[in-house]
Each structure stands twice: as C-alpha cells, then as structure tokens.
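K.L.:
So that we are looking at the same thing, I have put the structure below in structure tokens.
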Amino acid sequence: MPIFSLSGQMGQMGQMGQMGQMGQMGVGHAGQASPLLANALDISRDGILGTEALAEIDAAQLPPDVAADLPERLAMLDHVWLSSTLVAGLLDGIVVRSDATAERSTVQVFQIQESNAADGHLTRAYAPIATLTRPSNAEFAGMLDFLRGYAELRPERTSEILTQITDLTSFFAAVDDLRASRSRWTLELMEVALRVTHVVCARVKHVLGCPRPATFSQLIQPMIDTPPHGTLPSGHATEAFMLAALLCHIAGDDPMEALLSHAPRFRLAARIAINRTIAGVHFPADSAAGAVLGLALADHFAARATGTNVPHRSFGGAAWAGMDFHLGAIEQAFSDNSTGSAMTITSNGEAALADPGLGWLWGKATDDWNARWT
C-alpha cells in the first residue's frame with residue numbers, strides 16, 4: 001500500500017475515500033465506524049450519568065478564545081481536514097488566464113502578491129509564474145514517431161506505468177527515504193501540493209484543449225485507458241517535477257541546480273513522465289510543458305510558505321516540436337533561455353503573499369527533514 005494513495009493521476013478522486021480512513025487513526029473512540037461500539041458507548045453513558053443533570057459550566061472551565069485562522073490549530077486536524085483546509089486557502093491565491101486562439105493558445109498562471117480589503121472591497125495584485133503556449137495540431141502529428149519507438153519499452157515498464165497511474169508519492173519516498181513514522185509533515189505537504197497542482201493542471205489542460213495521441217492515429221493503441229481531458233501539459237510530468245523541486249526546497253537544495261545536474265529526484269521525475277509516452281497517452285511536448293509548470297508550482301509553494309519571489313517560466317510548443325523529452329533536452333532549452341526558446345526563466349521583482357498555514361506546515365516538514373535520523 002502506498003504511503004498516501006492520492007497521487008499520480010489525480011483524476012482518480014475515488015481514492016479520496018481511502019484517505020478518509022486516515023481520520024480514524026489515533027482517535028479516542030470510533031463509534032461512527034461501528035454500530036456495536038456506538039450502542040455500547042450510549043449504554044455506558046446512561047449507566048454512568050443516569051438522571052444526573054449537567055452542572056453549570058464555570059467560567060474557568062470554558063475553552064479559551066483563540067485568534068482566527070491560527071496555524072498551530074492545524075495540528076489538531078486529521079489528514080483529510082488538514083489537507084482540505086490548506087488547499088482551499090492556496091487555490092485562492094492562483095489564477096489561470098488564457099489567450100485562446102485556434103492553433104496556438106497560450107495560458108498563464110498567476111500567483112497572488114498582495115491582498116487588501118477596504119470599505120467592503122477586496123483588491124489584489126498578481127504576477128505570472130508560468131506561461132505555456134501549445135503546439136499546433138500539425139506539430140503534434142509530427143511527434144507520433146516518438147510514440148512508435150517508445151512503445152517497444154511497454155513490456156519492461158508495465159508495472160511502473162500501472163502503479164504510477166495513482167501513486168507517485170511512493171516512488172519519491174523511496175528516493176528520499178520518507179516514512180510515515182518520521183516524515184509525517186513532509187508527506188502531508190506533498191499531498192497538499194499534489195492536490196493544488198491537480199486543480200491548476202486540470203484548468204490549464206482544459207483551456208489549451210490539446211488532443212491525445214490516439215486521436216491522431218489508430219496505430220497508437222495505448223496500453224492503458226486514455227484519459228478524457230487534454231494531453232498538454234502532462235499531469236504526471238507536472239506532478240512529478242513539482243514533487244522533485246518541492247523536496248529540493250525542503251532539503252535546502254536549489255531545484256534548478258539539481259535539475260541541471262540530473263539529480264536522482266529529477267531522474268525519477270523524467271522517468272515517470274516518459275512512462276506516459278511509452279504507455280501511448282502523451283507526446284514528449286506534454287512532458288516538457290508539465291516540467292515547466294511543475295517547477296513553477298513548486299517555487300510557488302515555497303514562496304507562499306516563506307514570502308519569497310518566484311521566477312517566471314515559459315514553454316513554447318512550436319520551439320519544442322520535433323524534440324524528444326529527457327533531462328538533457330530540458331538542460332539545453334533552459335541554457336538557451338532566449339526569446340523564442342522552448343523554455344525560458346526570468347526573475348520576478350515582487351515577493352508572493354505569504355500563507356500562514358502553509359508556512360506552518362512548511363516549517364514542520366523542514367523539521368521532519370532535519371530530524372530524519374536523530
């Protein structure tokens with residue numbers, strides 16, 4: 001069983017039911033899960049209290065009033081409520097906007113930098129963190145030969161491909177020796193980041209509206225179900241590169257340096273992305289766009305936790321047309337970093353608006369990392 005079941009293709013939202021069971025871990029009693037126990041608890045209460053009236057509560061016994069939105073109170077929540085509370089707040093700070101054209105739509109992802117409320121009006125300022133421009137359908141068609149070649153690897157990658165449909169976390173946990181017993185907050189942070197990433201990626205996919213490989217040719221014949229949503233960016237690539245960069249931030253490593261040096265986290269991220277092309281459900285360009293978006297979102301989470309700034313990354317579909325996807329290609333694209341390049345990165349001048357709840361969880365995850373073996 002994976003450490004947390006909800007990762008990989010986050011469209012499998014049915015997995016949330018399994019996560020709900022996490023709420024029963026460590027509770028004082030679980031009558032809600034057992035009719036027999038619920039009845040026993042009721043009989044026990046009746047036997048203890050009988051007809052005794054409830055005494056008036058003394059003022060000294062009242063729970064203390066606490067500040068609203070207190071981050072430390074998050075520690076009292078179970079897994080599902082903690083994750084949902086933070087996800088709701090973080091989604092409030094991301095905006096997706098598009099420039100829709102027939103052949104080469106562009107989408108931008110913005111993060112919040114400032115929020116002010118006065119006289120009943122809310123004003124906000126945002127800055128772009130990612131810009132993705134899709135290839136044309138003719139350019140997608142030119143990538144089909146890559147899928148034909150990759151299909152030969154299906155027999156040896158089948159177990160990975162099937163497992164990674166719903167679980168990426170376990171693979172990253174294997175790289176960084178993450179365990180539920182001593183990496184709880186790191187795993188919680190990964191889960192929150194995955195859920196936000198899923199929502200952002202879903203919106204970007206819908207806006208760009210790129211057809212899947214099997215739409216272009218009857219010879220693709222994917223080895224797994226082709227998801228109904230758009231192909232670019234690859235959700236698996238987005239999530240995998242986000243997780244690799246996020247773990248770099250927690251470990252105190254520079255994500256771009258780790259990426260350009262082909263560190264193990266990013267080797268894993270690239271392999272996960274390539275597995276989706278092997279399976280027949282993604283083009284190489286989908287993975288490239290996902291890598292750009294995933295890196296941007298990881299930096300976004302770090303910025304919302306610490307109040308730092310995020311560089312702006314871009315992906316150009318036309319420039320990537322005809323290119324395969326691998327870490328060397330990413331390194332070459334970012335090294336070029338000029339107008340018209342497949343991938344660019346530029347600095348943003350202003351810091352992101354810090355989120356106290358995420359900052360609290362970030363600190364707990366950092367403590368996890370620093371105390372992994374003490």
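K.L.:
Please compute the modelled spin-label separation between L91 and T346, points set 7 Å along Cα→Cβ, answer in nm with one decimal.
P.N.:
Label at T346, label at L91, 3.1 nm between them.
K.L.:
A follow-up question, please. Which helices pass in the chain if a helix is a full DSSP H run, must span at least 15 angstrom along its long axis by Cα, and must have mean Kyte-Doolittle hydropathy not below 0.5?
P.N.:
Working: long enough: 35-49 (21 Å, 0.67); 79-91 (18 Å, 1.43); 184-208 (36 Å, 0.61); 235-251 (24 Å, 1.24); 264-278 (20 Å, 0.11); 284-306 (33 Å, 0.70); 356-370 (21 Å, -0.75).
Answer set is 35-49, 79-91, 184-208, 235-251, 284-306.
K.L.:
How charged is the neighbourhood of L122? Take every other residue with its Cβ under 12 Å from the Cβ of L122, and add Lys/Arg as +1 and Asp/Glu as -1. Can you show the working numbers first?
P.N.:
Details: positive: R124; negative: D92, E114, D119.
With Lys, Arg at +1 and Asp, Glu at -1, the net is -2.
K.L.:
Using the number of other C-beta atoms within 10 angstrom as an exposure proxy, rank S159, S261 with the fewest first. Please list the in-between numbers first.
P.N.:
On the way: S159 8, S261 12.
Arranged by neighbour count, lowest to highest, S159, S261 become S159, S261.
K.L.:
Sticking with the crude label model, points 7 Å out along Cα→Cβ, report the distance from A318 to L122 in nm, one decimal please.
P.N.:
3.8
K.L.:
Would you list T238, T215, T277, T169 from fewest to most Cβ contacts within 10 Å?
P.N.:
On the way: T238 31, T215 13, T277 26, T169 22.
The fewest-first ordering by Cβ neighbours comes to T215, T169, T277, T238.
K.L.:
Specify the residue with the greatest mean-square fluctuation among M76, M190, M223, computed from a Gaussian network of the chain linking alpha-carbon atoms under 10 Å apart.
P.N.:
Judging by the Gaussian network model, the answer is M76.
K.L.:
Still on this structure: Give me D58, D119 sorted ascending by neighbouring Cβ count inside 10 Å, so fewest comes first. Working shown, then result.
P.N.:
Working: D58 7, D119 4.
Ranking D58, D119 by Cβ neighbours within 10 Å, fewest first, gives D119, D58.
K.L.:
Could you list the GluC sites (Glu not before Pro) in the stretch 72-126 that lie in coil according to DSSP, counting only those with at most 12 other Cβ atoms within 10 Å of their Cβ? Numbers along the way, then the final one.
P.N.:
On the way: sites: E72, E103, E114; in loops: E103.
Counting only loop positions with at most 12 other Cβ atoms within 10 Å, the GluC sites (Glu not before Pro) in the stretch 72-126 are E103.
K.L.:
Give me the net charge for the shell around G317: Cβ to Cβ below 11 angstrom, other residues only, Lys and Arg +1, Asp and Glu -1.
P.N.:
Values: positive: R104, R134; negative: E103, E139, D286.
Charge balance in the 11 Å sphere: -1.
K.L.:
Apply the Kirkwood formula to the chain: the hydrodynamic radius equals the inverse of the mean of 1/r over all pairs of different alpha-carbon atoms; give it in Å with one decimal. Mind dumping the intermediate values first?
P.N.:
Numbers: mean 1/r = 0.0449 Å⁻¹.
Averaging 1/r across every pair of different Cα atoms and inverting gives 22.3 Å.
K.L.:
With r as the distance between the Cβ atoms of A214 and N370 and R0 = 41 Å, compute the FRET efficiency 1/(1 + (r/R0)^6) and round to 0.05. Don't skip to the answer; put the middle values down first.
P.N.:
Working: r = 47 Å, r/R0 = 1.14.
Plugging the Cβ-Cβ distance into 1/(1 + (r/R0)^6) gives 0.30.
K.L.:
Calculate the FRET efficiency for T308 and L70 from the Cβ-Cβ distance with a Förster distance of 30 Å, rounded to the nearest 0.05. It would help to have the intermediate numbers written out before the result.
P.N.:
Working: r = 23 Å, r/R0 = 0.77.
Calculated transfer efficiency: 0.80.
K.L.:
Here is a follow-up. Say each of S335 and V80 gets a label point 7 Å from the Cα, pointing the same way as Cα to Cβ; how far apart are those two points in nm?
P.N.:
Each label point lies 7 Å from its Cα, and together they span 4.9 nm.
Every number here is computed from the coordinates shown, using simple stated rules; none is lab data. In this text, all values refer to a predicted model and were calculated from it rather than measured experimentally. Cβ atoms come from the backbone with ideal geometry, glycine included; neighbour counts cover every protein chain shown.
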